[in-house]
1. Go from 0 up to the bin containing the longest alpha carbon distance in the stretch 85-150, width 5 Å each, and give me the % of pairs per bin.
2. Using alpha carbons only, how many degrees (0 to 90, rounded to 10) separate the axis of helix 46-67 from the longest principal axis of the chain?
3. Taking a quarter of the surface of the Cα convex hull of the chain, what do you get in nm²?
4. Report, to the nearest 10°, how far helix 3-38 tilts away from the longest principal axis of the Cα atoms in the chain, using its own Cα long axis and a range of 0 to 90°.
5. Report, in deg cm²/dmol and to the nearest 500, the calculated mean residue ellipticity at 222 nm for the chain, where each DSSP H run with n ≥ 4 adds -39500 (n - 2.57) and the sum is divided by the residue count.
6. Mind checking the angle between helix 129-159 and the chain's longest principal axis? C-alpha axes, 0 to 90 degrees, to the nearest 10.
7. Positive end of the charge dipole of the stretch 3-159 (Lys, Arg +1 and Asp, Glu -1 on Cβ, about the Cα centre): tell me which of ASN118, VAL74, LEU89 has its Cα farthest that way.
8. So, in nm, how far is label LEU152 from label PHE39 when the simple model puts each one 7 Å beyond its Cα toward the Cβ?
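No value in this document is a laboratory result; all are computed from the given coordinates. Because the structure is a prediction, the values reported are computed rather than measured. Note that we place each Cβ from the backbone using ideal geometry, even for glycine, and neighbour counts take in every protein chain shown.
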Amino acid sequence: MNPSSRLRWLARACSIIGGLILTALMLMTCYSVVGRNFFEKALIGDFELTGIACGIAMAFFMPLCQLERGNIIVDFFTAKRSARFNHGLDRFGDLLMAVIFILLSWRSGVAALSAKENMGASMLLGFPDWIVLVGMSIPFALAAVIAIAQTLARFDQSSQGVA
């Protein structure tokens, strides 16, 4: 398995995990709504769990989003530029995304260490904050690796004269 296919496999695995998290969130929300409206039995902390799950799921979708270049690109100003110029902008964009994901991963990791030391937890359930932050830091790091690999791959293409 070459590095490119490993990154693809990891990105897809992350998106599956994100999908499973959102599926569990949807089931929990249905349980909470039905319990609240029909049995007068509320699920304590459902809003906290929704926030936690959405944050982690969003992070787990980022590697595949970067791999598939699913970010919004506005080409209004570059539509009439040369392919070589647009290739350079794409390479620069990949580099910027790598920097952004490195910063997100780093700061999530630092925040996780701080939350662990301070024993930070959610208000109602007491769910440890550091678990959420570590859960976000890892897929952000993978997205950074993917963006770096894309930057380098595009650099190799432009040095070979491929526009």
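1. Per 5 Å bin, starting at zero, the Cα-Cα P(r) for the stretch 85-150 comes out as 4, 20, 20, 16, 12, 10, 8, 5, 3, 2, 0 percent.
2. 20
3. Numbers: hull surface 50.5 nm².
Result: 12.6 nm².
4. In the chain, helix 3-38 runs at an angle near 30 degrees to the longest axis.
5. On the way: 4 runs with 125 residues, N = 163.
Roughly -28000 deg cm²/dmol at 222 nm, from the helical runs in the chain.
6. 10
7. After comparing all options, I get LEU89.
8. 5.3
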